[in-house]
Amino acid sequence: MKRYPDHKSRAAPASRSFGAVAFALALITVLGMRFGLVTPDIFVLSLAAAAVLAVLALICALTAFLRIWSLGGSGIGSSILGGFLGLLALSAPVAVLGMLVVKPELTDVSTDPDDPPFLIEFAPKTEQAVLVWAMAIVQETGWVSIKMPVEQTRSLAEMQFGLYPDIVPRRYRISPGELHAASKKAVETLRWRIIDELPPDLLDAPTALWAEETTQVLGLKHDVALRVRPDPVGALLDVRARSQSPLRELSSNADVIRSVLSEVDKVLLETYGNLERLAVEEADLEDEIPLETYEPERKTVPLPGFKPFFETEEGLSADAFELDDLEG
């Protein structure tokens, strides 16, 4: 009896090769971004290349599986392995793209959007031309484009208050210098990199602190500015957070502000005990509390109620009591 040779699928080893290269490229790209070895543009281009290879691996794996199912032969293990590696490699670019589409947010958030703290730009936008272009395409074609026409009719302060109603300035019943020291301690506890500082000069002088926060997964950077100003109650704290890249992660700019405010509260609680904190509403910023002048008590010499007199050697004179001299 004539025996025909077993069918050998060419798509199965191709799927395994494409999947292995795609997975390695995606893994190296994510690790390089996390440890700051690649720029955001290289990160996006490398993930795009990994996504193309992953799609090819999935196509070859599906083709090999169908051919082996109908014709028989070997290669089923290679096709399954190639499809699995392709899915793993495709998960990274899908997650990055999904965060851009599903979780839109403001790239610049401040507790005072009308007068935000001054922020130093550490990452120029010109170094992310490909990423900015890709973000524009996502906004025009994705879910974000549905919300943008509605959001454009509102001011920045209204948009921010609608998204993050809890991001407001904070008043504390301590001096600006003490609040600056607590804010710096909070930033150091969070292990953020302090870029620059405007330390307190006088007792009621305004201060500032600039830091850089790094996310835990992709190592994305956020520029953070803390501003402390004197206030009739004590001191007013404003925080501003801005993304250096249009990329998104699980933690947003609002989360960065929440974390530093929460850490400041912890530092003040450990230092001063139960110190009352006041959240400032927008109406309170317009109607500031008038300053109260405080005059300490002065120890003055009481004025005499009668004319002083002096005792001479001969005794008290009659003029001291304004009496008439009857003998003279």
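So that you can scan it fast, the table gives a plain yes or no per residue for (1) touching a strand residue (DSSP E or B) at 6+ places or on another chain (Cβ under 6 Å); (2) surrounded by 18 or more Cβ atoms within 10 Å (Cβ to Cβ); (3) modelled with pLDDT of 90 or more; (4) polar (S, T, N, Q):
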| position | (1), (2), (3), (4) |
| --- | --- |
| S155 | no, no, no, yes |
| R170 | yes, yes, yes, no |
| H180 | yes, yes, yes, no |
| I195 | yes, no, yes, no |
| D204 | yes, no, no, no |
| L209 | yes, yes, yes, no |
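Say we look at the stretch 237-250 and pick out the residues that are small (G, A, S) and buried (at least 24 other Cβ atoms within 10 Å of the Cβ); which of these is farthest from D41 (Cα to Cα)? Ranking the candidates gives A241 first. When we screen G86, G82, G75 for residues that are in contact with a Leu (Cβ under 7 Å, 6 or more places away or on another chain) and either surrounded by 17 or more Cβ atoms within 10 Å (Cβ to Cβ) or among the aromatic types (F, W, Y) (or both), the only hit is G86.
Of the residues in the stretch 270-277, none is within 27 Å of L100 (Cβ to Cβ) and either of a type outside the set (V, I, T) or open to solvent by 30 Å² or more (accessible area, probe 1.4 Å) (or both).
Would you say V94 is under 35 Å from the mean Cα position of the chain (by Cα) and either part of a helix (DSSP H, G or I) or more than 30 Å from S155 (Cα to Cα) (or both)? Criteria met by V94.
Screening the candidates S70, S46 for the property of being among the polar types (S, T, N, Q), farther than 17 Å from A14 by Cβ, out of contact with any helix residue (DSSP H, G or I) (no Cβ under 8 Å at 6 or more places or on another chain) and open to solvent by 20 Å² or more (accessible area, probe 1.4 Å) yields one hit, S70.
From the residues in the stretch 221-236 that are in contact with a Leu (Cβ under 6 Å, 6 or more places away or on another chain) and open to solvent by 10 Å² or more (accessible area, probe 1.4 Å), which one is farthest from G36 (Cα to Cα)? Ranking the candidates gives P232 first.
This table checks each residue for (1) without any contact (Cβ under 8 Å) to a residue 12 or more places away in the chain; (2) farther than 26 Å from S245 by Cα; (3) crowded, with 16+ Cβ neighbours inside 10 Å; (4) not β-branched (V, I, T).
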site: P13; (1), (2), (3), (4): no, yes, yes, yes
site: A20; (1), (2), (3), (4): no, yes, yes, yes
site: M33; (1), (2), (3), (4): no, no, yes, yes
site: T39; (1), (2), (3), (4): no, no, yes, no
site: L56; (1), (2), (3), (4): no, yes, yes, yes
site: A61; (1), (2), (3), (4): no, yes, yes, yes
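Kindly indicate whether L100 is farther than 20 Å from R248 by Cα, in contact with a helix residue (DSSP H, G or I) (Cβ under 9 Å, 6 or more places away or on another chain) and either surrounded by 16 or more Cβ atoms within 10 Å (Cβ to Cβ) or touching a residue at least 40 places away in the same chain (Cβ under 8 Å) (or both). Taking the combined requirement at face value, the residue does not satisfy it. Filtering the stretch 211-235 to residues that are among the aliphatic types (A, V, I, L, M) and touching a strand residue (DSSP E or B) at 6+ places or on another chain (Cβ under 8 Å) leaves A211, L220, V224, A225, L226, V228, V233, A235.
The values are calculated or read from the model by the stated rules, or taken from the named source; none is laboratory data. Just so you know, these numbers come straight off a predicted model, no measurement behind them. Backbone-built Cβ (ideal geometry, glycine too); neighbour counts: all protein chains shown. Please note that ligands, DNA and RNA were not included when accessible areas were found on the heavy atoms of the full protein model with its side chains. Shrake-Rupley method; radii C 1.70, N 1.55, O 1.52, S 1.80 Å.
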